[in-house]
Amino acid sequence: MGAPVATPPASPPSGGAPRKPSKGLPQSGSTWHLSDRIGLAICWALGLLFCAIAVAIVAYLFVQGIKYLRPEMLFTPATAGFSQGQTGGFSDAFFGTLIVATMGIAIALPVGVGVAVWLVEYGRPAALARVTESTIEAIAGIPSIVLALFGTVIFSSAALGFLSRTSEGVVFGRSFFGASAMLSLVALPLVVASTREGLSAIPQHVREASYAVGKTKIATARRILLPAARPQVATGAMLGLGRIIGDTAIIVVLLGATQNFAPVEGAAFPFNYLRGAGTTLTNFVYEASPTGNLNQPEKAYAAAFVLLLMVLALNAAVDIVHRRARKVGTWSS
Amino acid sequence: MVVPAPSHNGNGAATPSGFSGARRSIGSPQFSIRRMEVDQLSVSYAAREAVKSVSLPIRQGEVLAMIGPSGCGKTTLLRSLNRLTELTRTARVSGRILLDDVDIGLIEPTLLRRRVTMVFQQPNPFPMSVFDNIAYVLREQGSRRQRRKTLEPQVHSALDRAGLFEEVKDNLDHPALRLSGGQQQRLCIARALAAEPEVLLLDEPCSALDPQSTQVIEDLIVNLRDDVAVVIVTHNLQQAYRIADHVAFMYLGDLVEYGAATTVFGSPREKRTQEYVSGAFG
Ligand SMILES: Nc1ncnc2c1ncn2[C@@H]1O[C@H](COP(=O)(O)OP(=O)(O)OP(=O)(O)O)[C@@H](O)[C@H]1O
Ligand SMILES: [Mg+2]
């Protein structure tokens, strides 16, 4: 987990206390002022505090999750019932999360990578590039509930009726298609930012080495630059996935937040499901929590535990990609 | 730094004072064919003129070394030979450059850059295996189609021409960025040779390397000159003296002197050349 790690800076930070005129580099420790030491101690303490909080959350969810999670919950749909033993599992929410994650990143990844390549490698026309940049920054700052509202307007339009349920000429507008499309916007800025970072880190002479053997810009981007930036692309995708599976607002507003899949009759598989409403784990946790309509805290813990495992798996995947890339090596300077 | 002279190269020519070691490229080459012709080339970046009306020939069968103080336009001149300057938005090029009597402005840049390839100062293998680094050059734009078997002979011969094959033949699938610096640079030379170019441009190829790797690459360059026209930019005058047949001395964008290596180093016509060549050696 990303707890801030405080390391002593190479040179003492300029605190309030007047500095002794130091000759050359400060020696380790001996030239540290009291204020610096106190500051450092506070940093360490905060770092440890965050670590403790993170560990507490994870440990608590693990304990509760292992206690309450039964594997069959992942494959049993929720049903109405009077006790927690009768209400089934949360398979629809589990698969709902997998569906929005897959579809959301399937849109965000190619678009985000394409935008990043265009911004870093072409950036022309410059005005359009600047507008794109600020648009993406703006999207990153918009609360997802606002994106969700915007999404209902779009996906309730008659032209997009084929993406959701339509009855008596009224477009319902809530579907896996609509929710995934809006969720991809949540992930997009992370994919773009991370990919751009990866591309910008590649030395210019590496690109030129490819151009200098007669390769076009596109071939260079596809065969050299993107593979070299793969760890950062993966990081962006994983961060984006994390945001997608963690989002609730768009699910409630744009997916319908029903407790079960609500496939559209008459449509072919899998479009009947994708055009229909549904739910995800975040929404299930919310509904199952003591404040929600279902009030089944044990299942809320079980579902939250599944979510946590997914996030941890994403972190591990990023780690593996980075470790692989380190084996390939990188350029000096 | 004195690099030991290779034993196979005796040297009859008088050594100008200050220069030690034997010239590897002794005597006049067996033959030489004019491959490129630079005619009144000027390059400017925005308002700054980096190369001023330079004319010189580039011949196969010999090594041309470009020397001169930092910022005098050597890299710029080199990059305009395969139109890499076009990638710098502020660069404006005027004058004419002919490749086999055809104006390079009329040649498709991607084709031109396969006929005039370039090796850079920093070793820059692509982040893939040794084999794929060469195969990348042989394949069509972006394509991955051709089978490994069909490319193998060409990959091996390119590595062989760069004197690298024996060292890496068992490790063709290893990541190229895990090779030593000298091996990486020879891989870059192999890559540049894989395109079967007519002209090979080298921009300070040894400046990031140790003396031993430098010597290996110098030998390689001298051996290559019969197959391709070689142009090398170097800050190391000893190196220029050792491997060049012709030398071009540039200063502040001007081509001050162009001539046979022995002349430029032994009895330069221009005072500025004299100063630069002797100054560097006290
Ligand atoms: N991309 C660029 N944009 C603007 N000016 C440039 C650019 N590249 C080079 N210049 C300028 O052109 C002049 C010649 O540069 P060039 O790199 O050709 O010199 P050089 O002889 O290769 O120097 P060095 O020996 O240090 O490599 C320099 O004054 C440099 O500042
Ligand atoms: Mg240079």
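Given the options B:158, B:91, B:47, state which has the largest fluctuation in a GNM of chain B using a 10 Å cut-off (strictly under) for Cα springs.
Greatest mean-square fluctuation among the candidates belongs to B:47.
What FRET efficiency do you get for residue A:291 and residue B:90 if R0 is 51 Å and r is their Cβ-Cβ distance, rounded to the nearest 0.05?
According to the calculation, E is roughly 0.25.
I'd like to compare B:259-268, B:198-207, A:181-190, A:125-134: which one has the highest average count of other Cβ atoms within 10 Å, and what's the full order after that?
A:181-190, B:198-207, B:259-268, A:125-134
Kirkwood hydrodynamic radius, chain B, all distinct C-alpha pairs: what's the number in Å?
Numbers: mean 1/r = 0.0516 Å⁻¹.
So the Kirkwood estimate lands at 19.4 Å.
With all pairs of different alpha carbon atoms counted, what Kirkwood hydrodynamic radius in Å does the stretch A:77-147 show?
15.6 Å
When we measure straight from the Cα of residue B:149, which lysines land under 17 angstrom away, once same-chain ones fewer than 8 places off are left out?
Straight-distance partners of residue B:149: B:169.
Using only alpha carbon pairs under 8 Å that are at least six residues apart, calculate the relative contact order of the stretch A:240-298 and give it in whole percent.
Dividing the mean separation by the residue count of the stretch A:240-298 yields 29 percent.
Give the relative contact order (percent, whole number) for the stretch B:52-127; include only Cα pairs under 8 Å separated by 6+ residues.
Numbers: 27 pairs, mean separation 16.5, N = 76.
Contact order relative to length: 22 percent.
With springs only between Cα atoms under 10 Å, which of B:37, B:218, B:152 fluctuates most in a Gaussian network model of chain B?
Its mean-square fluctuation being the largest, the pick is B:152.
Using the Cα gyration tensor of the stretch A:241-332, with a ≥ b ≥ c the square roots of its eigenvalues, what is the shape: rounded (a/c below 1.5), prolate (a/b larger than b/c) or oblate (neither)?
The shape class here is oblate.
Normalising by the residue count of the stretch A:95-328, find the relative contact order in percent from Cα pairs under 8 Å and 6+ residues apart.
The normalised contact order for the stretch A:95-328 reaches 24 percent.
With a point put 7 Å past each Cα toward its Cβ, work out how far residue B:140 is from residue A:132 in nm, to one decimal.
2.7 nm
Mind checking which lysines have their C-alpha under 27 Å from residue B:52, skipping anything on the same chain fewer than 8 residues away?
Cα-Cα hits under 27 Å: B:74, B:271.
Show A:282, A:79, A:248 ordered by accessible area, largest first, where the area counts protein heavy atoms only and the probe is 1.4 Å.
From most exposed to least exposed: A:79, A:248, A:282.
Suppose R0 equals 56 Å; then what is the FRET efficiency for residue A:271 and residue B:34 from their Cβ-Cβ distance, rounded to the nearest 0.05?
E(calc), rounded to 0.05, equals 0.25.
What's the magnitude of the charge dipole for the stretch A:95-328 around its Cα centre, counting Lys and Arg as +1 and Asp and Glu as -1 at the beta-carbon? Answer in Debye, nearest 20. Write out the running numbers ahead of the final one.
Numbers: 18 positive and 11 negative charges, 204 e Å.
Computed about the Cα centre, the dipole is about 980 debye.
Find the all-direction average of the projected area of the Cα convex hull for the stretch A:75-213, expressing the result in square nanometres with one decimal place. Walk me through the intermediate numbers first.
On the way: hull surface 53.6 nm².
For the stretch A:75-213, averaging the hull's shadow over all directions gives 13.4 nm².
Over 10 Å intervals from 0, what percent of Cα-Cα pairs in the stretch A:95-328 sits in each interval?
8, 27, 30, 21, 10, 3, 0
For the stretch A:95-328, give the percent of accessible area contributed by carbon and sulfur heavy atoms, probe 1.4 Å, rounded to a whole number.
Carbon-and-sulfur percentage of accessible area, whole number: 66.
In the protein assembly as shown, if the dipole is taken from +1 on Lys/Arg beta carbons and -1 on Asp/Glu beta carbons about the Cα centre, which of B:87, A:308, B:45 is farthest to the positive end?
A:308
Tell me which trypsin sites (Lys or Arg not before Pro) from the stretch B:159-207 have a DSSP coil assignment and no more than 14 other beta carbons within 10 Å of their own. It would help to have the intermediate numbers written out before the result.
Working: sites: B:161, B:169, B:178, B:186, B:191; in loops: B:169.
Counting only loop positions with at most 14 other Cβ atoms within 10 Å, the trypsin sites (Lys or Arg not before Pro) in the stretch B:159-207 are B:169.
If R0 is 45 Å, what FRET efficiency do you get for residue A:118 and residue A:298 from their C-beta distance, rounded to 0.05?
Once the sixth-power term is evaluated, E becomes 0.35.
Given the convex hull over the Cα atoms of the protein assembly as shown, what projected area results after averaging over all orientations, in nm²?
Its average projected convex-hull area is 39.1 nm².
The values are calculated or read from the model by the stated rules, or taken from the named source; none is laboratory data. This structure is a prediction, so every number in the text was calculated from the model and none was measured. Every residue, glycine as well, gets a Cβ built from its backbone with ideal geometry; the counts of neighbours run over all protein chains shown. Heavy atoms of the whole protein, side chains included, go into the accessibility calculation; ligands, DNA and RNA do not. Shrake-Rupley method; radii C 1.70, N 1.55, O 1.52, S 1.80 Å.
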